[in-house]
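Chemist: This structure is in structure tokens; I'll ask about it shortly.
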Ligand SMILES: [Zn+2]
């Protein structure tokens, strides 16, 4: 396997024993579409600090399930950047692209429980149905699936597989930073896709299966992923999984107010020197609202991180 050895990972110990000893297991799950930028570093740092502040474990999972979007080599760059920042992980890194049999097994369970159906609708066909129903559609809007294929009992080989939501499906949950939240999946999302017509598993299914199999108890991630939470809670429920706790970190935006991403040409962080790395960490800390004078005069990354853990603990999220 294409693994990058973590200098601080514990070798030889039984993962099963160590899991039971840790009531907190968190993770950072980047998509390898480019190097870490200020936004993804803030997510990495926030989830690492939360795990360390709770005496927990912190895992790294490469979310390359959407293989066409993956940029060759960026997984290794991300891992090197994490190491440069002193953000060491506790177990071997996993790659979603190597775990498709696990996602298929979860999908098989839902198929067997008659929680899914096959759908052959194109995006155009869905848009036409929604317009015919009187909906006004924005250009990049996520479409609320109108259920065209729902009772059609389709058997086509090349079809997407959607989850079949109940007629009312309001999910309520508590976000540690945002408080109590709720979403009506039936009216705000619609039956969503678990496996695409091209055979790729969706983020929604893969992330829920992985968080379950890796015994993740605490999810700390960027606000941009917040809108997926209710879908993931629903899948956790129907698959009979434990529900983790959620904390969504404030979104890091550029001067134009756009989310930092490859699409908005966000630059990769510079970890070439210790000074540059500390600069990147200071910027991430200010995005997370934990920057303070105590972090300023420190000369080593390890010192900086141990102070940052204490500041995080004081925040009491
Ligand atoms: Zn359809």
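A short reminder: the numbers here are calculations on the coordinates, not readings from a lab. For clarity, every value in this text was computed on a predicted model and none was experimentally measured. Heads up, the Cβs are rebuilt from the backbone with ideal geometry, glycines too, and the neighbour counts pull from every protein chain shown.
Chemist: In degrees, nearest 10, range 0 to 90: what is the angle between the Cα axis of helix 274-287 and the longest Cα principal axis of the chain?
Modeler: 50 degrees
Chemist: Follow-up question, since we're still on this one. Just rank 178, 124, fewest to most, by other beta-carbon atoms within 10 angstrom.
Modeler: Lowest to highest Cβ neighbour count: 124, 178.
Chemist: If each residue's Cβ is checked for other Cβ atoms within 10 Å, how do 211, 175 rank with the fewest at the top?
Modeler: Values: 211 23, 175 16.
So the ranking, lowest neighbour count to highest, is 175, 211.
Chemist: Using Cα pairs closer than 8 Å and at least 6 residues apart in sequence, work out the relative contact order for segment 217-317, in percent.
Modeler: Computed value for segment 217-317: 19 percent relative contact order.
Chemist: When the chain is treated as a GNM, springs tying every alpha-carbon pair under 10 Å, which of 166, 30, 250 comes out with the largest mean-square fluctuation?
Modeler: Comparing 166, 30, 250 in the GNM, the peak value goes to 166.
Chemist: Further question: How high is the FRET efficiency from residue 76 to residue 315, r the C-beta distance, R0 35 Å, rounded to 0.05?
Modeler: 0.60
Chemist: Treat the chain as a sphere of radius equal to its Kirkwood radius over Cα pairs and apply Stokes-Einstein at 25 °C in a medium of 0.890 mPa s; give the translational diffusion coefficient in µm²/s, rounded to a whole number. Please list the in-between numbers first.
Modeler: Numbers: Rh = 21.0 Å.
This corresponds to a translational diffusion coefficient of 117 µm²/s.
Chemist: Same structure again: Between 0 and 90 degrees, rounded to the nearest ten: what's the tilt of helix 123-132 against the longest Cα principal axis of the chain?
Modeler: 60 degrees
Chemist: With angles folded into 0 to 90 degrees, how steeply does helix 301-315 sit against the dominant principal axis of the chain? Use alpha carbons for both and round to 10.
Modeler: Here the helix axis deviates by roughly 60 degrees.
Chemist: Rounded to the nearest 500, what is the chain's calculated 222 nm mean residue ellipticity when only DSSP H runs of at least 4 contribute -39500 (n - 2.57) each, over all residues?
Modeler: -11000 deg cm²/dmol
Chemist: Can you put 128, 136, 91 in order, fewest other beta carbons within 10 Å first?
Modeler: Arranged by neighbour count, lowest to highest, 128, 136, 91 become 136, 128, 91.
Chemist: Also: So what does log10 I(q)/I(0) come out to for segment 231-293 at q = 0.15, 0.28, 0.29 Å⁻¹, using the Debye formula with one equal point on every Cα and no solvent?
Modeler: The calculated log intensity ratios at q = 0.15, 0.28, 0.29 Å⁻¹ are -0.71, -1.18, -1.21.
Chemist: If you take every DSSP beta bridge whose two residues both sit in the chain, what share of them, in percent to the nearest 5, is antiparallel? Please report the intermediate quantities before stating the final value.
Modeler: Values: 15 of 27 bridges.
The antiparallel proportion sits near 55 percent.
Chemist: Quick one: if the Förster radius is 30 Å, what FRET efficiency do residue 180 and residue 272 give, using the C-beta to C-beta distance and rounding to 0.05? Don't skip to the answer; put the middle values down first.
Modeler: Numbers: r = 44 Å, r/R0 = 1.46.
Working from the Cβ atoms, E equals 0.10.
Chemist: Quick one: Cα centre-to-centre distance for segment 211-242 and segment 249-317, in angstrom?
Modeler: 25 Å
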